[in-house]
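Worksheet: the structure to be examined is printed underneath.
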Amino acid sequence: MAKRGVVVIDIEKCKGCEVCLAACPNQVLAMSQEVNTKGYHYSVKINSNCVGCASCAVVCPDAVITVYREK
């Protein structure tokens, strides 16, 4: 059974640095077209290719990403 991941992003705290995009091996994240209340474009999940590696969460300088693994 393949591992799956669920990415949760606190969009109000995301500053749009895009480090998580580069860290994701499966290109699960992209930058939103909208902005948060602070005026930043934020990361969003764009597909269901997440395997739960949590690379995005590890590199996030503001710790706004949480990854949950499911079977």
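Bear in mind that the values in this text are calculations on the coordinates, not laboratory data. What you are looking at is a predicted structure, and each value in this text was computed from that prediction instead of being measured. When we count neighbours, we look across all protein chains shown, and the Cβ atoms used for this are built from the backbone with ideal geometry, even at glycine.
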Subject >> In the chain, the GluC sites (Glu not before Pro) that fall in loop regions by DSSP, at most 15 other Cβ within 10 Å >> reply: GLU12, GLU18
Original post:
Pulled fully out, how much extra length does the chain show between THR37 and ASP10, if you take 0.36 nm times their separation in residues and subtract their Cα-Cα distance?
Top reply: 8.5 nm
**OP:** Would you grab the residues whose amide H sits under 5 Å from the one on TYR42? Only those 5+ places off in sequence or on another chain, please, with H modelled 1.01 Å from N.
**Re:** SER32, ASN36
**OP:** Per residue of region 50-67, in order, report the coupling 6.51 cos²θ - 1.76 cosθ + 1.60 (Karplus, θ = phi - 60°) as ³J(HN,Hα) in whole Hz, putting x for Gly and Pro.
**Re:** 5, 9, x, 6, 6, 4, 4, 5, 5, 8, 5, x, 10, 6, 9, 10, 10, 10
Original post:
Where nothing but the Cβ of Lys and Arg (+1) and of Asp and Glu (-1) is charged, how large is the charge dipole of region 4-70 around its Cα centre, in debye to the nearest 20?
Top reply: 100 debye
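What are the trypsin sites (Lys or Arg not before Pro) within region 1-37 that DSSP puts in a loop, where the Cβ has at most 11 other Cβ atoms within 10 Å?
Sites meeting the loop and neighbour criteria: LYS3.
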**OP:** List the residues whose amide H sits under 5 Å from the amide H of VAL51, counting only those 5 or more places along or on another chain, with H placed 1.01 Å from N in the peptide plane.
**Re:** GLY5
Subject >> FRET efficiency estimate (nearest 0.05) - Cβ-Cβ, ASP62 to GLN27, R0 22 angstrom >> reply: 0.55
